[in-house]
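What follows is one structure encoded as structure tokens, with my remarks underneath.
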Amino acid sequence: MSFITQVNFGDVNKSIIPFFITGAIYLHDCPKQPYIPIYLLVSGVFALVLGLLSCLPCTQEPEDGTQSPLSSLCTAWNSLVSLFLFCWFIAGTI
């Protein structure tokens, strides 16, 4: 794992863990808008999954420039999770 990946994943964890914790603590305790904790919880979990998936060795390209089927699958999965997070963000802000 490269240094840049470790630093980026550390920064992502610092911003995602409060989402997850806040959503889990106040899951049933938000009288004004009960969907806010669910939004925070889902955002935190999927962003954490995306961060973990990006650190897997299958997402890194080999030095010879070829792509394996597993690498293509990981890239597609990362793209789908990123698209879901984008749509979830848009849905949560409307």
**OP:** List every residue pair whose Cβ atoms sit under 8 Å apart, with the two residues 6 or more apart in sequence or on different chains, where the first one lies in the stretch 65-94 and is more than 13 Å from residue 47 (Cβ to Cβ) and the second, anywhere, is of a type in the set (Asp, Glu).
**Re:** 67/61; 71/61
Subject >> Within the stretch 17-73, considering residues that are in a helix (DSSP H, G or I) and more than 30 Å from residue 94 (Cβ to Cβ), the one modelled with the lowest pLDDT >> reply: 59
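The values are calculated or read from the model by the stated rules, or taken from the named source; none is laboratory data. The model shown is predicted, which means the values in this text are computed figures rather than measured ones. Here the Cβ is made from the backbone with ideal geometry for all residues, glycine too, and neighbour counts use every protein chain on show.
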